[in-house]
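For reference, the structure discussed in these notes is given below.
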Amino acid sequence: MSNKVQLGLFGQKAAENFLLNKGMVLRESNFRAFGGEIDLIMKDDIYIVFIEVKYRKGLSHGFPSEAVDFRKQQRIKKVALQYIARHNLHDNDFRFDVVEILEIQKKLAINHIENAF
């Protein structure tokens, strides 16, 4: 397993734990369908939340959430539609969040952006 993959999994687990501590409930992680993957799918009160996790060490490439550009958002939405159809969830309310994790001097800063797109 590459270092990049390990960092991604570490970041995703940190995001998952952070969200669980906020009271959200995990429905699924790493949901794959035609066209992409959604890192975390969670339940938050009335919402089913599709979550993209971005982890970075330092700011040399900008804030992690800046990597979730329009094209990435469109891919996530297409995969979310497949999840909704597969689980017959059409009557639910949905939200798209981003969790950015920034590691600076071996400390993690976690920022949960609700309704990111």
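Restricting attention to the range 86-102, the residues being open to solvent by less than 60 Å² (accessible area, probe 1.4 Å) and either aliphatic (A, V, I, L, M) or over 16 Å from the mean Cα position of the chain (by Cα) (or both) number 6. Counting just the residues of the range 1-49 that are touching a helix residue (DSSP H, G or I) at 6+ places or on another chain (Cβ under 9 Å), open to solvent by 80 Å² or more (accessible area, probe 1.4 Å) and assigned to a loop (DSSP other than H, G, I, E, B), which one comes out farthest from residue 86 (Cα to Cα)? Among them, the one singled out is 1.
Within the range 4-18, restricting attention to residues that are without any contact (Cβ under 8 Å) to a residue 60 or more places away in the chain and aliphatic (A, V, I, L, M), which residue is nearest to residue 98 (Cα to Cα)?
The residue in question is 9.
Residue pairs whose Cβ atoms lie under 6 Å apart, sitting 6 or more positions apart in sequence or on different chains, and linking a residue in the range 48-60 that is aromatic (Phe, Trp, Tyr) to a partner that is open to solvent by less than 10 Å² (accessible area, probe 1.4 Å), are 50/38; 50/41; 50/80; 55/11; 55/101. Going by the structure shown, is residue 96 hydrophobic (A, V, I, L, M, F, W, C), in a strand (DSSP E or B) and either in contact with a Leu (Cβ under 9 Å, 6 or more places away or on another chain) or modelled with pLDDT under 95 (or both)? Considered against the rule, which asks whether it is hydrophobic (A, V, I, L, M, F, W, C), in a strand (DSSP E or B) and either in contact with a Leu (Cβ under 9 Å, 6 or more places away or on another chain) or modelled with pLDDT under 95 (or both), residue 96 comes out as no. Checking 106, 77, 72 one by one, the residue that is buried (at least 16 other Cβ atoms within 10 Å of the Cβ), farther than 16 Å from residue 17 by Cα and out of contact with any helix residue (DSSP H, G or I) (no Cβ under 8 Å at 6 or more places or on another chain) is 77 and no other.
Of all residues in the range 100-117, those that are at positive phi have Cβ atoms under 9 Å from Cβ atoms of residues that are surrounded by 14 or more Cβ atoms within 10 Å (Cβ to Cβ), 6 or more apart or on another chain, in 115/95; 115/96; 115/97.
The values are calculated or read from the model by the stated rules, or taken from the named source; none is laboratory data. Since this is a predicted model, take the numbers as computed values, not measurements. Note that each Cβ is placed from the backbone with ideal geometry, even for glycine, and that neighbours are counted across all protein chains shown. Accessible surface areas use protein heavy atoms only, side chains included; no ligands, DNA or RNA. Shrake-Rupley method; radii C 1.70, N 1.55, O 1.52, S 1.80 Å.
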